[in-house]
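What follows is a short report on a single structure.
The values are calculated or read from the model by the stated rules, or taken from the named source; none is laboratory data. Fair warning: this is a prediction, and the values are worked out from it, not measured in the lab. We place every Cβ from the backbone using ideal geometry, glycine too, and count neighbours over all the protein chains shown. With ligands, DNA and RNA removed, areas are computed over all heavy atoms of the protein, side chains included. Shrake-Rupley method; radii C 1.70, N 1.55, O 1.52, S 1.80 Å.
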Amino acid sequence: MTTRAAPETMFTSAVASDGAPVPLLVHRPASPRGWIVWAHGGSWQHGSAAAWAPVTAALAASSGWVVVSVEYRLAPAHRFPAAVVDVLAALDWAETHSTELPVVVGGDSAGGTIAASAALARRDTGDRVPAQVLAYPPLDPRCARPSYRTESGAFPNRAGLRAAWRLWLDSTPEPTILPTPLEAPSLAGLAPVSLVVGGDDPVRDDVIAYATRLHADGIPTTLEVLPGVGHADVLSPRSRVLSAVAAALSESFLSELSTPRPQPTHMEGTPS
């Protein structure tokens, strides 16, 4: 992962649609190429922008993108959809400050789930739909796919992740926001999506299922499965996932953002 000069870091805040303050930690490199609103991991219950600051600062330095790290509200004190509402507020804030540079949304683990939900909510309300750059998001509250069972002893285990989903979702259903894009009847109308997951990650099959559905609905999608990599890899000092995320924020990704999106088509192969 190529590293440039350390980005300038500042604290600021946005305001959510329900009036809640949303603290933001912003890493701004010199001559930025774009803006990415990032939601940290932590099973929807743990973590913070400050705890993830080494990760988000490294991403800004290696990619040349402004990283807006969101201090979203955590479960169980704040259940779904509070975290999604906070990321939507951060997207609004970033778009007013980005001076016409592209603004995308991303996150790792539970933060990736939140980011995907925010992008889908933008589509469903008719707002500008951000592209997604997601690192190993869990996407099925049942944790039913084979990778949850075949990766014996791997983190997160199926029982623990299912319990985390329940703590986050045990609330009044939100009719306008879905907790996972896999619940949407169609993914048509989303912007390009870049997905990274480890080959030893229990959530791997969720991510592959999302990539397959995106591809089937005509969304430009890239999927990178990294052999020998497990969950929570962005927290590792030599993270291969973070390098892949930085690589996704490349000139080719920028050109993909400016390419008109095709209408939904039939499945023409497997995601690349």
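Give the whole-number value, in cubic angstrom per residue, of the convex hull volume spanned by the C-alpha atoms of the range 8-250. Write out the running numbers ahead of the final one.
On the way: hull volume 27.4 nm³, N = 243.
It comes to 113 Å³ per residue, whole-number rounded.
Rounded to the nearest 0.05, what FRET efficiency is calculated for Arg33 and Thr12 with R0 set to 25 Å and r the Cβ-Cβ distance?
Details: r = 21 Å, r/R0 = 0.82.
It comes out at approximately 0.75.
Could you tell me the accessible area of Asp124 in Å² (1.4 Å probe, neighbours in place), rounded to the nearest ten?
For Asp124, solvent-accessible area is about 80 Å².
Please state the charge dipole magnitude for the chain, taken about the Cα centre, from unit charges on C-beta atoms (+1 on K and R, -1 on D and E), reported in debye and rounded to the nearest 20.
Details: 19 positive and 25 negative charges, 76 e Å.
Magnitude of the dipole: close to 360 debye.
Only sites in a loop by DSSP and with at most 12 other Cβ atoms within 10 Å count here; which GluC sites (Glu not before Pro) in the range 71-153 make the cut?
Working: sites: Glu71, Glu95, Glu100, Glu151; in loops: Glu71, Glu100, Glu151.
The qualifying sites are Glu100.
Taking a probe of 1.4 angstrom, what is the accessible area of Ser63 in Å², to the nearest 10?
Here the accessible area works out near 0 Å².
Measure out, as a whole number of angstrom, how far apart the alpha-carbon centroids of the range 46-100 and the range 124-144 sit.
Using only Cα atoms to place each centre, the spacing works out to 15 Å.
Report, to the nearest whole %, how much of the accessible area of the chain belongs to carbon and sulfur atoms, 1.4 Å probe, protein only.
The nonpolar share, carbon plus sulfur, comes to 56 percent.
Using label points projected 7 Å from each Cα along Cα→Cβ, tell me how many nm separate Thr125 and Leu182, to one decimal.
Going by the 7 Å Cα→Cβ label model, 2.6 nm.
With unit charges on the beta carbon (Lys/Arg positive, Asp/Glu negative), name the residue among Ser69, Ala131, Ile208 whose Cα is farthest towards the positive pole of the charge dipole of the chain.
So the residue furthest toward the plus end is Ile208.
Keeping every protein chain present and rolling a 1.4 Å probe, give me the accessible area per residue for the range 8-250 in Å². Kindly include the intermediate steps, with their values, before the conclusion.
On the way: 8750 Å² over 243 residues.
Per residue, the range 8-250 has an accessible area of 36 Å².
Considering only protein heavy atoms, what is the solvent-accessible area of Ile177 at a probe of 1.4 Å, reported in Å² to the nearest 10?
Using a 1.4 Å probe on the heavy atoms, I get roughly 10 Å².
Most mobile of His46, His231, His97 per a Gaussian network model of the chain (Cα springs, under 10 Å)?
Maximum among the listed residues: His97.
Run lengths n ≥ 4 of DSSP H only: what is the helix-derived mean residue ellipticity at 222 nm for the chain, with -39500 (n - 2.57) per run over all residues, to the nearest 500? Could you put the intermediate results ahead of the total?
Values: 8 runs with 89 residues, N = 272.
Calculated mean residue ellipticity at 222 nm is -10000 deg cm²/dmol.
Quick one: 3J(HN,Hα) in Hz for the range 199-204, Karplus 6.51/-1.76/1.60 with θ = phi - 60°, rounded, Gly and Pro as x.
Once rounded to whole Hz, the list reads x, 9, 8, x, 7, 3.
Counting only protein chains, not ligands or nucleic acids, how are Ser250, Ser255, Ser69 ordered by accessible area (probe 1.4 Å), most first?
Numbers: Ser250 30, Ser255 60, Ser69 0 Å².
Accessible-area ranking of Ser250, Ser255, Ser69, largest first: Ser255, Ser250, Ser69.
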